[in-house]
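All of the numbers you see were taken from the coordinates with simple rules; none came from a lab. Worth saying up front: this structure is predicted, and the values here are computed from it rather than measured. Heads up, the Cβs are rebuilt from the backbone with ideal geometry, glycines too, and the neighbour counts pull from every protein chain shown.
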Amino acid sequence: MISVTKLLHNTAHSGDRIRYSGRDDRFPAVLVMNITRNCNLRCAHCYSSSGGGRFTDMSFEVWKKAIETAADMGVSNVLVSGGEPLVRKDAVELIRLMNDAGMKIGLSTNGTAITEQMARRLAGLVDYAGISIDGPRTVHDEFRGVDGAYEASLKGIANAMEAGIKVGLRFSITRLNAPYIGNIFELAMSFGIGRICFYHLAYAGRGGAEMDIDNRTRLEVTEKIFRLTEEDSDILTADNAVDGLHIYAMTGEKRVLDLLRKNGGNRSGERIADISPDGTVYPDQFTHAPIGRIEELRRIWEEPDALVSKLRDRKKLLECRDCRYLDACNGNLRGRALALTGNLWGKDPSCYLREIGEKYPDMLPGMQ
Ligand code: SF4
């Protein structure tokens, strides 16, 4: 994740300690737990192809064991996701277990199930709720596949805030909604929400490459995000480490490049892991190269197999290994390269370094 606010304005925010500490602990800094594949919406870009209630989730006991193991390993940050995690009947009980284990919990939700009662149950358990809004009402509802989804999500935001839960907005950038970056900033402001996370499309599930913007548009869209980022906000982008290089080129500040190098770029399979709804463990939510099973979390980390070892030492394997910014990016998102080229070490199609170099030739010489 790129903290746009931190890189642009050098202000401190939650999560920066993990992002820019340069620490290299022997466990995932962030473990994503997709506790269900069921969902009450049917989003066009869903990375887990969720929808409806037809999937059989893993049992409470299996997840309980995984939470205990993760806590014992030292995992302190969990992202609870789905599907829509709150359609799972025992979701709050699972979240309570994580909280009891001392974990910091981010909840990734469409917000529609956050009733007043649900908000009261979650208050004090989750560190923040990231609620997805993908544009103005009509765009959002089309995107989410359900009329009224926008209103329901807004109600969820209000309920969560009323209960004292810290709320952030999440926006997935696609061809459908790229023109509406300004709207999401306005919406956040109308609620008094400082945190927005913009997700680049990762080519998983229903969110295939055909929904993505091209890299010239990506340059414009990210530039708009950066220009709208105020000093007192908490703006992030996810799944494209090249955004950091874009900020470096825009600002011309070496401090930015130093921070990016400290962060090390994409760390899927090193500092991040994902447990999918069926118990398969992946390097992240989008990189569909299995690294083990939920029952062997500790073994995956402490006795890494060939694939995990390669992910942790990927630089020499990458197609873009000669890039001069490799130590600040680490080859970007492997899942996108895998999805588009079939080669886990291939070039990430969303690397827009060339487009940045064309716009800022003095900052990134030789990149155009
Ligand atoms: S060429 Fe590779 S390492 Fe360089 S910025 Fe692009 S994805 Fe990152």
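Computed values, structure above
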{"read-out": "Using θ = phi - 60° and Karplus 6.51 cos²θ - 1.76 cosθ + 1.60, couplings along the range 225-241 (whole Hz; Gly, Pro as x)", "value": "4, 5, 6, 8, 7, 8, 4, 8, 9, 9, 9, 10, 10, 9, 6, 7, 5"}
{"read-out": "The range 2-359, relative contact order in percent, only Cα pairs under 8 angstrom and at least six apart counted", "value": "20 percent"}
{"read-out": "Stretch in the chain that is longest and holds no trypsin sites (Lys or Arg not before Pro) that DSSP places in a loop and that have at most 16 other beta carbons within 10 Å", "value": "207-320"}
{"read-out": "Antiparallel %, DSSP beta bridges [both residues in the chain], to 5", "value": "20 percent"}
{"read-out": "Rel. contact order, % - alpha carbon contacts under 8 angstrom, at least six apart, the range 317-368", "value": "26 percent"}
{"read-out": "Shape category assigned to the range 50-102 from the gyration tensor of Cα positions, a/c cut at 1.5", "value": "prolate"}
{"read-out": "Residues of type lysines that Lys359 reaches as a straight line, Cα spacing below 21 Å, ignoring anything fewer than 8 places off in the same chain", "value": "Lys224, Lys254"}
{"read-out": "Ranking of Leu317, Leu31, Leu8, Leu297 by count of other Cβ atoms within 10 Å, fewest first", "value": "Leu317, Leu8, Leu297, Leu31"}
{"read-out": "The range 2-359 - charge dipole about Cα centre, Lys and Arg +1 at Cβ, Asp and Glu -1, debye rounded to 20", "value": "520 debye"}
{"read-out": "Overall form of the range 229-272 per C-alpha gyration tensor (a/c, 1.5; a/b vs b/c)", "value": "oblate"}
{"read-out": "Length-normalised contact order of the range 265-307 in % [C-alpha pairs under 8 Å, at least 6 apart]", "value": "26 percent"}
{"read-out": "Ranked list, fewest to most other Cβ atoms within 10 Å of each Cβ, for Thr112, Thr229", "value": "Thr229, Thr112"}
{"read-out": "Ratio of the Cα radius of gyration of the range 2-359 to 2.2 N^0.38 Å, where N counts its residues", "value": "0.92"}
{"read-out": "Computed over the range 80-145, the ratio Rg/Rh where both radii use C-alpha atoms and Rh is Kirkwood", "value": "1.02"}
